[in-house]
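One structure is given here, and the rest of the page talks about it.
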Amino acid sequence: MKNNVELNIDLIIEEYSHYVFTIIYNLAGNKLSYQDIEEIIADTFYLFWKNQDNIKNIKSYLAVIAKNCTYNKLKQTKQYVEYNDQILNKQGYYQEDFNYMLLIEEKMQHLTDDEKEIFQLYYIEGYKIKEIAKIKKQKTNYMKVKLHRIRKKLRRKE
């Protein structure tokens, strides 16, 4: 978390578990069992805990992870839901399963700090390219190219 603030995961779970459940239920409806929903909630908070040093907005991060884990579970159970979010699927990085997300995290270690920040802002925190360009004091087209190169770097089989 920003400013190296230590988070109490129990308080985070207590405060946001209903929020995460609501996101999952709104996306999946009756297509998932109660056990599947519990598993998605657990995965969401595990990823939150694992990446807490990189999180700038708790609610946004939890929402993105809950969405991706839900779509993953629906895909595993052969349930179809249209994925209309921009998170990690727009250019082919739809999370195939929990391990795929861990693979992306591992591959991110090959990115520069600047590339990691751009990736974080776009895919995790949900900023638009124009907003990132403004934050980074760059042109929008440059940010598009930069994101393309980041995705290309992540696709490499190293």
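See the values below:
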quantity: DSSP-loop trypsin sites (Lys or Arg not before Pro) across region 108-158, with at most 15 other Cβ within 10 angstrom; calculated: 128, 137, 139, 156, 157
quantity: Residue 51-residue 144 pseudo-label distance in nm [points 7 Å out on the Cα-to-Cβ vector]; calculated: 2.6
quantity: Over region 110-158: Kirkwood hydrodynamic radius from C-alpha pairwise inverse distances, Å; calculated: 10.8
quantity: Centre separation in Å (Cα based) which lies between region 128-158 and region 1-77; calculated: 26
quantity: Pairs beyond 29 Å (Cα-Cα), from 56/153; 73/136; 50/152; 73/130; 50/136; 73/153; calculated: 73/136; 73/130
quantity: Mean Cα-pair separation over length for region 110-158, i.e. relative contact order, pairs under 8 Å, 6 or more apart, %; calculated: 35
quantity: Segment residue 14-residue 76, length gained on full extension (0.36 nm per residue, minus Cα span); calculated: 19.5 nm
quantity: Charge dipole magnitude, Cβ of K and R +1, D and E -1 - region 110-158, Cα centre, debye nearest 20; calculated: 360
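Bear in mind that the values in this text are calculations on the coordinates, not laboratory data. These numbers come from a predicted model, not from an experiment. Glycine also receives a Cβ, built like all others from the backbone with ideal geometry; neighbour counts cover every protein chain displayed.
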